[in-house]
Amino acid sequence: MPVIETFPIEQIRVPVKRKKTLDPAKVEALAEDILENGQTTPIRVREGKTGGYVLIEGYHRLEALRALGEVTIEGYEVHARLH
C-alpha cells in the first residue's frame, strides 16, 4: 500500500500536454473546498529524470494549493514500470 508523502510544490513539473487542460473555475472551487476541508485526495507523482517530480494525477489540486500560497502538497510517489 502506498504511503502518503509531502512534496514541495516548486519541485513538481507539469507536463506540457496537461497544462492545456487547466480549468480556472475548477481550481477556484477546489481552493475553496481545501480551505474548508483541507486536502482530502493526494496527488500522484513520479521521480523526474533530472530531479524533482513529474505530475501524474492531480493538476487542479496542485494549482489550487499553489493559488492558496501553500509550499507543500500531499501525494503518492509512483514508480513507472519498465516493459
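Does Arg81 satisfy the criteria of being open to solvent by 60 Å² or more (accessible area, probe 1.4 Å) and modelled with pLDDT under 95?
On the way: open to solvent by 60 Å² or more (accessible area, probe 1.4 Å): yes; modelled with pLDDT under 95: yes.
Against the criterion (open to solvent by 60 Å² or more (accessible area, probe 1.4 Å) and modelled with pLDDT under 95), Arg81 qualifies.
Hey, can you tell me all the residues within segment 7-25 that are hydrophobic (A, V, I, L, M, F, W, C) and out of contact with any helix residue (DSSP H, G or I) (no Cβ under 9 Å at 6 or more places or on another chain)?
Hits for segment 7-25 are Phe7, Val16, Ala25.
Restricting the search to segment 9-40, which residues are within 10 Å of the chain's Cα centre (by Cα) and either in contact (Cβ under 8 Å) with a residue 60 or more places away in the chain or closer than 11 Å to Arg61 by Cβ (or both)?
Filtering segment 9-40 down to residues within 10 Å of the chain's Cα centre (by Cα) leaves 9, 12-14.
Answer for segment 9-40, where residues must be within 10 Å of the chain's Cα centre (by Cα) and either in contact (Cβ under 8 Å) with a residue 60 or more places away in the chain or closer than 11 Å to Arg61 by Cβ (or both): Ile9, Ile12.
Taking segment 2-40, which residues are touching a Leu at 6+ places or on another chain (Cβ under 7 Å) and at positive phi?
Residues satisfying the conditions do not exist here.
Would you pick out the residues in segment 6-48 that are over 19 Å from Tyr76 (Cβ atoms) and among the basic types (Lys, Arg)?
Across segment 6-48, the qualifying residues are Lys17, Lys19, Lys20, Lys26.
The values are calculated or read from the model by the stated rules, or taken from the named source; none is laboratory data. Here the structure is a predicted model, which is why all the values come from computation and not from measurement. Cβ: placed from backbone, ideal geometry, glycine included. Neighbour counts: every protein chain shown. When the accessible area is computed, the model is the full protein with side chains, heavy atoms only, and any ligands, DNA or RNA have been set aside. Shrake-Rupley method; radii C 1.70, N 1.55, O 1.52, S 1.80 Å.
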